[in-house]
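The structure appears below as structure tokens.
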Amino acid sequence: MAALERALGVLRCPTCGAALTGAAGAVRCAQGHSFDVARQGYLSLVAGGRAAPAGDTAEMVAARESFLEAGHFQPLAAKLADLLEHAFDGAGVVVDLGAGTGWYLARVLDRFPEAAGLALDVSKPALRRAARAHPRAAAVGCDAWGPLPLRDHAAAAVLNVFAPRNAAEIARVLRPEGAALIVTPGDRHLEELVAPLGLVRVDPDKDERLARQLAARLEPVEREELRWRIRLDRDDARAAAAMGPSAFHVEADDLDRRVAALPDQVDVTAAVTLSLARAAVPSARPPAPAAAASDPGHRRSRPGSRPPRSPGDKG
Ligand SMILES: C[S@@+](CC[C@H](N)C(=O)[O-])C[C@H]1O[C@@H](n2cnc3c(N)ncnc32)[C@H](O)[C@@H]1O
Ligand SMILES: [Zn+2]
């Protein structure tokens, strides 16, 4: 709850955009719009007037929690924190858009002791977990496709891991030179499970679409492919299928039958793309020379590097 109280300074009323203040079990704005804090510790700022999607179901979130807690995606969590080491100064608010259980956000906060975390998601079962993912993380319910209930330039960094990304809103909420770190599955991600478990395949055009969406609002800085191998038992393999979009397409009974036909252990490829971007600042940028603008190999500068810590700094 302390994390939520601290987060109020960067939040805004989803109805009128005014600042929010806390009161027992609720927060409200000066116009009198009031929003409940759930018993489980998350604040719902889903705007009225348009139906918000439900997000991941309780079963999907439970599967994701068990898969992540088994550590199979630890290399990705470590890489996220490594990239952020060079991309922001380690302080301020790290927003995780489509945070799910808040597992990646918690790993990042472990690396940055001066940062505060804000997990945004629309799924109630996810928000319940995210609210207790880390002592410095608050969890807030909202629709990632609508205006985010965040003030302009409130975020030092935005994470977006396998989740809906709203480039315009990410750019709006980033502080100048803030970093957005977006993770998408590669086309070989979990490929050994695709046929046996009937998983939904990654859309091959997705990379290009992502680049287009981001380019309009965010300036790409760095892109990295990460691939590693994971060894799954049947429970893990089932969780991998049940936590993702395939859960919307494969019936639970069918999945059980398919999982039972797997060997005791299956070695699987994890393959993701990490895209680091920063908010584009059009007015501060001189017009790009035509040659550089059209050269895909043109190197871009990295965002402000993190200053070295003095030996007396904590962390
Ligand atoms: C594939 S999960 C990834 C969760 C987390 N980033 C992770 O990797 O563990 C996608 C998440 O996006 C959330 N989500 C889906 N649609 C959303 C929306 N319109 N607004 C906010 N969150 C949404 C889901 O509830 C789910 O938690
Ligand atoms: Zn209001």
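The values are calculated or read from the model by the stated rules, or taken from the named source; none is laboratory data. The shown structure was predicted, so the numbers you read here are calculated from the model rather than taken from an experiment. So basically every Cβ, Gly included, is an ideal-geometry build from the backbone, and we count neighbours across all protein chains shown.
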message: Looking at the structure I just gave you, is residue 185 surrounded by fewer than 21 Cβ atoms within 10 Å (Cβ to Cβ), in contact with a Ser or Thr (Cβ under 9 Å, 6 or more places away or on another chain) and within 17 Å of residue 104 (Cβ to Cβ)?
response: yes
message: Can you confirm whether residue 90 is within 15 Å of ligand 1 (Cβ to nearest atom) and in contact with a strand residue (DSSP E or B) (Cβ under 7 Å, 6 or more places away or on another chain)?
response: no
message: Criterion first (of a type outside the set (A, V, I, L, M, F, W, C) and within 16 Å of ligand 2 (Cβ to nearest atom)) does residue 151 satisfy it?
response: yes
- prompt: Say we look at the range 105-128 and pick out the residues that are out of contact with any helix residue (DSSP H, G or I) (no Cβ under 6 Å at 6 or more places or on another chain) and within 13 Å of ligand 1 (Cβ to nearest atom); which of these is nearest to residue 46 (Cα to Cα)?
  reply: 122
- request: Would you check which residues across the range 24-47 are among the small types (Gly, Ala, Ser) and either within 14 Å of ligand 2 (Cβ to nearest atom) or modelled with pLDDT of 90 or more (or both) and list them?
  value: 26, 30, 32, 34, 38, 41, 44, 47
message: Considering only residues that are surrounded by 16 or more Cβ atoms within 10 Å (Cβ to Cβ) and at pLDDT 75 or above, which ones fall in the range 196-213?
response: 197, 199
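Can you name the residue in the range 70-87 that is within 12 Å of ligand 1 (Cβ to nearest atom) and touching a residue at least 60 places away in the same chain (Cβ under 8 Å) and, of all such residues, is farthest from the chain's Cα centre (by Cα)? Walk me through how you get there before you give the answer.
Step one: list which residues in the range 70-87 are within 12 Å of ligand 1 (Cβ to nearest atom), which gives 72-73, 76-77, 80.
Those left that are additionally touching a residue at least 60 places away in the same chain (Cβ under 8 Å): 72-73, 76, 80.
Details: 72: 17, 73: 14, 76: 12, 80: 11 Å.
Of everything passing the filter in the range 70-87, 72 is farthest from the chain's Cα centre (by Cα).
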Number of the exception - residue 67 against (1) touching a residue at least 12 places away in the same chain (Cβ under 8 Å); (2) more than 16 Å from ligand 2 (Cβ to nearest atom); (3) surrounded by fewer than 20 Cβ atoms within 10 Å (Cβ to Cβ); (4) over 16 Å from the mean Cα position of the chain (by Cα): (3)
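A quick yes/no check of all residues on (1) free of Cβ contacts under 8 Å to residues at least 24 places away in the same chain; (2) within 12 Å of ligand 1 (Cβ to nearest atom); (3) within 17 Å of residue 122 (Cα to Cα); (4) among the hydrophobic types (A, V, I, L, M, F, W, C):
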residue: 7; (1), (2), (3), (4): no, no, no, yes
residue: 26; (1), (2), (3), (4): yes, no, no, yes
residue: 32; (1), (2), (3), (4): yes, no, no, no
residue: 46; (1), (2), (3), (4): no, yes, yes, yes
